[in-house]
Every structure is written in structure tokens, then in C-alpha cells.
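Scroll down for the structure; my scribbles are underneath it.
The values are calculated or read from the model by the stated rules, or taken from the named source; none is laboratory data. Keep in mind that what you see is a predicted model, and the values were worked out from it rather than measured. Cβ placement follows ideal geometry from the backbone for every residue including glycine, while neighbour counts extend to all protein chains displayed. When the accessible area is computed, the model is the full protein with side chains, heavy atoms only, and any ligands, DNA or RNA have been set aside. Shrake-Rupley method; radii C 1.70, N 1.55, O 1.52, S 1.80 Å.
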Amino acid sequence: MAGAKHKKIMNFIGGELVPPASGDYFGNEDPSTGHIYSEVPDSDEKDLDAAVAAAEKAAPVWKNMPGESRAEIMHKLAALIEQRQDEFARAECIDNGKPLSLCKSVDIPRGISNLRFFADAGKDMTGESFRADKTFSYTLRQPFGVVATISPWNLPLLLFTWKLAPALASGNCVIAKPSEVTPMTAYMLSTLAEEAGFPPGVLNVVHGKGARIGAAITRHPKIPAISFTGGTVTGREIYGTGSRLLKKISLELGGKNPTVIFDDAKWDSALKGAVAAAFTNQGQICLCGSRILVQQTIYTKFRDAFVKLAGAQKVGDPLDEATTQGAIVSHAHMDKVMGYINLAREEGGEILCGGKRLFMKGRCKTGYFIEPTVIEGLGASCRTNQEEIFGPVVTLMPFRNEDEAIALANSTPYGLAASIWTESKERARNVAARIDSGIVWVNCWNLRDLRTPFGGMKNSGVGREGGFRALEFFTEEKTVCQPAV
Ligand code: TXE
């Protein structure tokens, strides 16, 4: 139970920071110490009803505001966060356990650029026109009014804003639910909304547990569209309930992504790229490359070099700027990841490095750390190679030729991302076309142009986000038809 001395996070409803209607809170841990350091509102239907009522009231104001004015407010919010970048980065680091250096270089700057990008993109939304002998038609893209976003813990502010920004920019009022595991930076953002100029009710943040407030959002009759990022099991549940109620649902789910190394790849960049894809954010990114497929001709050499770099990762206090591997987000998640390492052993895998929970000295001695772990000797169809582990754990598998590489790459129920490393342009084109995933990186990993579509095939999701796709998701298209003159 959370103690009274901890900082209380508040919901943000109708322009006010408010406690949950029930008065109930639960504890929020710093995973690098395992200590509770703040309290999270355990919101329920009452809080959601209040948020929906506030959003409905604000909907005409926000919808009818000129796009330029909406963009100005969003830019102001981005600037306010930017002025407090260090504070946000430190808060994200403590809340999630990820290295401070990563929060400073990726999470917070990308959160800010999400707001800026969609503020501007919202102004460029256009319709189409059709002229025929007897008709002239054109389309309008109009906001739903009230929409919801549900986001996960792995990139808290980044994914919170990735959904919130297009929803707002396209003229909707939003009920945003951040992960209960990492609510802090979404809360901090909400404290700046009034100063940024958001009319009360346009942006509402309700905190709490997925099974309670998340499920309430999914079944709420006045929320016609929900954008979700999280686990595949949760996504399936939201899709089930939401689709029965004929809601529009966007799902960005898990991955089991291949990193494919051909023997003509540039050695250093392929090696470093594979390590970054494996272990960035302790492997807790849906885009991480957790299955490393290496052409047989270079397999042994690559394996040895990869294991050396994995072993050289600096696991430690996330607040230490030299740390490259921070804490795993929660005790429960650490147990899940350790469970998979044990499963890999049972399935006959050989642990080449790592494989254990790490106990730090000093401030982080009770924190949740796992050694970067590399496994070989497992077949493509075992559970270790089929299920999303979402931790600093990768497997290595050899392949002989392009066909075998593609078969292995496509051998899981997921299809989110892949990276391929080769100096042959023809091979890159060929393989990219045949891999079943929403994005294929060639000789790079995790580079993003925010205008491009983003999402997964198979169990990795439904629909595409990014650029105009996200703005389209949050709007209804209307055709206006009149006699041609
Ligand atoms: O995510 P959840 P969890 C994967 C990863 C991880 C697994 C489970 O493999 O081990 O998912 O993680 C809200 N109705 N990813 O359990 O539960 C929840 O409160 C409505 C992949 O932490 O999917 C949070 O805000 N909402 C991933 C959000 O859903 C519900 C990122 C995500 O939580 C709900 C995170 C419900 N019934 C985990 N239950 C990625 N693709 O980036 C939960 N939520």
C-alpha cells in the first residue's frame, strides 16, 4: 500500500487537477530501487464519466477553433515541456528505470517533437474532390468529438504524445490513459495544459489500472474511437469489446522482430546495429530485434563479437550517465523475463552470456536488473523464439541463404519490424519485399520519419499510425455531393 508521505498524482479533468472520485490510490515504484515513491489514482467509471462530460462540453469549442490556433496551443505545450526537459528526463528515468541518457536523448525530445509534428500536420489535412458529368463531390475530414488513447510503460511520454498529439491536432477532445506503471510524465504534461492555453475539457488525463479504468474506456458508449499501444493480449481484449460496440480501434501491439545479418554486411555497423536493436531500453521496445539471424559463413565470428559487446554493456543505476542498461520496469516484468530465460534453458538453449538477475551495490541494491542475455542453439519454433519476451534477451540463429533467412524472419505470429544488413541493393529490395512486417529497416534500426505509416501485420496490430494515417484515424470522412454546374 502506498504511504501518505508520497507525492500524489492527480487526474486532469475539465481543466482541473483532481483526485479520483473513490479517493483510492495505489503505489508507484521506482524500479531501480523497488521503492514506492508516488501514488497513482485508482480511477473508475465515475472519473471517466466526469472526463467524458468535460470533453463533450469542450468539443464544439475545440473543433471549431481554427487549425492555426489549435497548433499554437500545442506548440506552446511542446515549448513548456522543452523548458523543463531535464526535469521530465529525470522523472521518466525514475518512473521507468531506463537510463537517464536515453530519456534525455530520445524519450523527452521525441515527446516534444510528436507534439510539434502533429500540430503542423493537423493544419495540412485536406480532402479530395471528384468531378463527373452530373456531379461534383468533395470530402471533409471531421473530428469524432471525444476520443481515447491508452498507452504503455515502455516509452511513457513518447507513446503518450504519439497518440495524444494527432487526436488533438485533428480537432478532438481526448481522454488519455497512460500506463499505471509509468504515469509520472503524463501527469507532469497535464499540469502544463492550462498554461499552454488548452480550453478546459479538451485534454483529460485519467490514471489507473488497465482492468478498471482501461476497460471502462473500452466499453464507454460515448467514446467512438480508441488508439491503443500495448501487449497483444490486451489489444485483443480491447478489440473484442470495442468492435462489438462498433468503435474505431487502432492497435499497435507486440513484436518478435528479426535482425538479419548477411555476410556482405558492413561489419561494424551491422554489429553495433544488432546490439542497439537488441538491448536499447533493456529490450523493452516493441521494435527491438530479439531474434538475430546470421548467415552461416560469418556466424561464429559474428556471434563471438556480439557476445563480447553484449557483455560489455554497462548495467547500473539509471541516473548514472554512463549506464547503458537500466532497470527492468517492474518486479512482475522482471519475473516474466527471468521465466523466459529459464524456459530457454529447458528448451535446450545455451546461454552464451548473461542469464541472471543482477544485484547492484548502494542505492539500487533492491532494484530490478537483468544481465544482457544471449542464447543460441534453439529452433525457430520453440516458445523462446515465438513469444515476445520484452527484455534484454536475444537468440542467435544461423541461416544459409536468402530463402532460409526470409522463412526464419517470417516464422512467428508477429509482424511489426525487421532490420536487414547487406551491401547488396538488390538483395535489400528483394528481402524487404518478402518479409512480413510493418517496417523493414535496411542497414539501420529505429530511424523514423514521422510522416511514414507505422504499425504491424499479423499479431502485431491493426491499422497504421504515423503522419496523416493518425490524423485520418481520429477523423470521420464525409462526402458532400452536389449537381455539377
Ligand atoms: O501491457 P498492457 P503490460 C507487451 C510486452 C509485455 C506485455 C504485457 O510483451 O510483457 O505486453 O505488458 C492498459 N482494457 N508490451 O501488461 O497490459 C494498461 O493500463 C483497457 C508491448 O504492461 O498491454 C496500459 O495503459 N486497457 C508493448 C496499456 O493498456 C488496458 C508495450 C498497456 O498495458 C487493459 C507494453 C484492459 N483490459 C507491453 N489492460 C508495445 N507494443 O510497445 C491493460 N490496459
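Across the chain, the relative contact order, built from alpha-carbon pairs under 8 Å that are at least six residues apart, equals 19 percent. Once you sort the root eigenvalues of the Cα gyration tensor of the chain as a ≥ b ≥ c, which label holds: rounded (a/c under 1.5), prolate (a/b larger than b/c) or oblate (the other case)? Oblate shape, in that a/c is at least 1.5 and b/c is the bigger or equal ratio.
Taking a ≥ b ≥ c as the square roots of the Cα gyration tensor eigenvalues, with a/c under 1.5 meaning rounded and otherwise prolate when a/b beats b/c, else oblate, which class fits segment 41-157? Taking the square roots of the gyration eigenvalues as a ≥ b ≥ c, segment 41-157 is prolate. I want to make sure I understand the PRE zone here: with the label point 7 angstrom from the Cα of residue 134 toward its beta carbon, which residues in segment 468-482 have backbone N atoms less than 20 Å away? Backbone N within reach: 479-482.
With every protein chain kept in place and ligands, DNA and RNA left out, what is the accessible area per residue of the chain? Probe 1.4 Å, answer in Å².
Details: 19250 Å² over 485 residues.
For the chain, the per-residue accessible area is 40 Å².
Provide the convex hull volume over Cα atoms per residue for segment 419-485, in Å³. Intermediate values should be presented prior to the final figure.
Numbers: hull volume 11.1 nm³, N = 67.
Taking the convex hull of the Cα positions in segment 419-485, it is 165 Å³ per residue.
Could you give the size of the charge dipole of the chain about its Cα centre, using +1 on the Cβ of each K and R and -1 on the Cβ of each D and E, expressed in debye and rounded to the nearest 20? Magnitude of the dipole: close to 320 debye. With the convex hull of the Cα atoms taken as the outline of segment 257-449, the averaged projected area works out to 10.6 nm².
A straight chain from residue 35 to residue 87 at 0.36 nm per residue would run longer than the Cα-Cα distance by 16.7 nm.
Just the number: Rg to Rh for segment 348-485, Cα atoms, Kirkwood Rh, two decimals.
On the way: Rg = 20.9 Å, Rh = 18.5 Å.
Computed over Cα atoms, the ratio is 1.13.
Can you tell me the 0 to 90 degree angle between the C-alpha axis of helix 108-123 and the longest principal axis of the chain, rounded to 10? On a 0 to 90 degree scale, this one is about 40. Using Cβ point charges alone (K and R +1, D and E -1), the dipole size of segment 257-449 about the Cα centre works out to roughly 420 debye.
In a fully extended conformation the segment linking residue 194 and residue 64 would gain 44.9 nm over its present Cα-Cα distance, using 0.36 nm per residue. Which residue, 284, 192, 315, has the largest displacement toward the positive end of the dipole of the chain when charges sit on each Cβ (Lys, Arg +1; Asp, Glu -1)? Positive-most Cα among the choices belongs to 284.
Computed over protein heavy atoms with a 1.4 Å probe, the carbon and sulfur contribution to the accessible area of segment 257-449 reaches 52%.
Can you give the % of DSSP beta bridges in segment 50-202 that are antiparallel, to the nearest 5? Walk me through the numbers before you get to the answer.
Values: 3 of 8 bridges.
Of the beta bridges lying entirely in segment 50-202, close to 40 percent run antiparallel.
A simple rule links phi to the HN-Hα coupling: the Karplus curve 6.51 cos²θ - 1.76 cosθ + 1.60 with θ = phi - 60°, which for segment 273-282 gives x, 5, 5, 4, 4, 6, 10, 4, 6, 6 Hz, with x for Gly and Pro.
The largest-to-smallest principal axis extents of the Cα set in segment 116-161 are 54, 21, 16 Å. In the chain, helices alone account for a calculated mean residue ellipticity at 222 nm of -11000 deg cm²/dmol, with every DSSP H run of four or more residues adding -39,500 (n - 2.57). Straight-line reach from residue 98: taking Cα to Cα under 12 Å and skipping same-chain neighbours fewer than 8 places apart, the aspartates and glutamates in range are 30, 107, 317, 320, 321.
Of the listed pairs 57/177; 7/209; 163/314; 272/361, which have alpha-carbon separations greater than 22 Å here? Walk me through the intermediate numbers first.
Numbers: 57/177 19 Å; 7/209 18 Å; 163/314 32 Å; 272/361 29 Å.
Among 57/177; 7/209; 163/314; 272/361, the Cα-Cα distance tops 22 Å for 163/314; 272/361.
Across segment 146-258, the mean sequence separation of Cα contacts (distance under 8 Å, 6 or more residues apart), normalised by length, yields a relative contact order of 27 percent. Could you check how many percent of all C-alpha pairs in segment 227-299 are farther apart than 15 Å? Considering segment 227-299, 63 percent of its Cα-Cα pairs are separated by more than 15 Å. Taking a straight line from the alpha carbon of residue 256, these lysines sit under 18 Å away, with near neighbours fewer than eight places off in the same chain left out: 336, 458. Expressed to the nearest 5 percent, the antiparallel share of DSSP beta bridges inside the chain is 45 percent. Relative to the longest principal axis of the Cα atoms of the chain, the long axis of helix 299-311 lies at roughly 60 degrees.
As an exercise, use a Förster radius of 30 Å and the Cβ-Cβ distance of residue 359 and residue 7 to find the FRET efficiency, rounded to the nearest 0.05.
Efficiency, rounded to the nearest 0.05: 0.65.
Considering only 66, 89, 40, and ranking their Cα positions along the charge dipole of segment 1-99 that arises from unit charges at the beta-carbon of Lys, Arg, Asp and Glu, the one farthest toward the positive end is 66.
Just in segment 87-152: which GluC sites (Glu not before Pro) are loop by DSSP and have at most 13 other Cβ atoms within 10 Å?
Working: sites: 87, 92, 128; in loops: 128.
Of the GluC sites (Glu not before Pro), the ones in loops of segment 87-152 whose Cβ has at most 13 other Cβ atoms within 10 Å are 128.
Would you mind calculating the gained length between residue 444 and residue 17 on full extension (0.36 nm times residue separation, minus the Cα-Cα distance), in nm to one decimal? Before the final figure, lay out the partial values.
On the way: separation 427, 0.36 × 427 = 153.72 nm, distance 4.24 nm.
The span from residue 444 to residue 17 would gain 149.5 nm if fully extended.
Counting only Cβ charges, +1 for Lys and Arg and -1 for Asp and Glu, the dipole size of segment 36-166 around its Cα centre is about 560 debye. Projecting the Cα positions of 407, 330, 381 onto the charge dipole of segment 257-449 (unit charges on Cβ atoms of Lys, Arg, Asp and Glu, taken about the Cα centre) puts 330 furthest along the positive direction.
Calculate the all-directions average of the projected area of segment 331-398's alpha-carbon convex hull, and give it in nm². Show your work: numbers first, answer last.
Working: hull surface 17.9 nm².
Approximately 4.5 nm², given one-decimal rounding.
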